[in-house]
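Let me begin by presenting the structure, written as structure tokens, before commenting on it.
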Amino acid sequence: MEVQGGTATFDTDTNVPAVTVHGKSTKVRARAVIRQTGEAIAIEQIEATLPVNTISTGMGLRDEHMRKYIFTTPEGQVPDVTFVSEKAECSASSGSESTCNVSGNLTIRGTPRPFAIALKVQKAGDGYKAQGDSVVKLSTYGIERPSQLGVKTSDDVKLHLELTAKPVASASAARTPGGFR
């Protein structure tokens, strides 16, 4: 299965009660091995990429600061955010929906760390739709909380994903050397 144009949104509170920072990208790409037997769904592998340059907060200067202070490595590189999981624990919820607890490594700024997200997955035609929420702690990646003009973000960044996966012709046809193309 392949995802093109999945959506990732984030929200983080600040030390100012009325100020929350929101961001979004509609360019999440992913590939997954999903098997369905009757009502049971099994996710055997997921590889996902979020191009950092596609994340927008709605304010150009804030986007520049986000890329510089959150996503730029000490060497000046801005690698994409990636997630790799080899399996997920799925259980049937209600009707045609399953809840899958997906664990793997989330890599931000070139630093992989363990990460888990609960996805609600349901069959959608010949593919699947999934959505889920989790929290990313900036400190887990050695990232200082951004601050500007006395407004400082929280260490916790709330992440929401919405993905639609469609079948690909074959697993080997979908894979290209060096990642997603």
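As a check on your grasp of the helix formula, calculate [θ] at 222 nm for the chain: sum -39500 (n - 2.57) over DSSP H runs of n ≥ 4, divide by the residue count, round to the nearest 500.
Result for the chain, helices only: -1500 deg cm²/dmol.
Which one, Val81, Gln45, Tyr128, projects farthest toward the positive side of the charge dipole computed for the range 2-168 from Cβ point charges (K/R +1, D/E -1)?
With unit charges placed on the Cβ atoms, the residue in question is Val81.
Starting from the Cα-Cα distance between His160 and Asn15, subtract it from 0.36 nm times their residue separation and give me the gain in nm to one decimal.
50.0 nm
Just how large is the dipole of the chain about the Cα centre, in debye to the nearest 20, putting +1 at every Lys and Arg Cβ and -1 at every Asp and Glu Cβ?
The calculated dipole for the chain is roughly 320 debye.
Tell me, in nm to one decimal, what length is gained between Lys152 and Ala92 on full extension, where the rule is 0.36 nm per residue of separation less the Cα-Cα distance?
17.5 nm
Using DSSP to call loops (not H, G, I, E or B), can you name the trypsin sites (Lys or Arg not before Pro) in the range 1-51 whose Cβ has at most 12 other Cβ atoms within 10 angstrom?
none
Out of the range 71-149, which GluC sites (Glu not before Pro) are coil in DSSP terms and have no more than 16 other C-beta atoms within 10 Å?
Passing sites in the range 71-149 are Glu75, Glu144.
Which value in nm describes the separation of the simple spin-label points at Arg113 and Val84, placed 7 Å from the Cα toward the beta carbon?
So the label points at Arg113 and Val84 sit 1.9 nm apart.
Over 28 Å between C-alpha atoms is what I'm after, so list which of Lys68/Lys166; Lys68/Lys158; Lys87/Lys166; Lys137/Lys166; Lys120/Lys152; Lys68/Lys129 land there.
Cα-Cα > 28 Å for Lys68/Lys166; Lys137/Lys166; Lys120/Lys152; Lys68/Lys129; rest within.
Which residue fluctuates most in the GNM of the chain (Cα springs below 10 Å): Ile143, Ile108, Ile70?
Residue with maximal mean-square fluctuation among Ile143, Ile108, Ile70: Ile143.
Fewest first, what order do Val33, Val81 take by the number of other Cβ atoms within 10 Å?
Exposure proxy ranking, most exposed first: Val33, Val81.
Since every read-out is calculated from the coordinates, none of them should be taken as a lab result. Not measured: the values here are computed from a predicted model. So basically every Cβ, Gly included, is an ideal-geometry build from the backbone, and we count neighbours across all protein chains shown.
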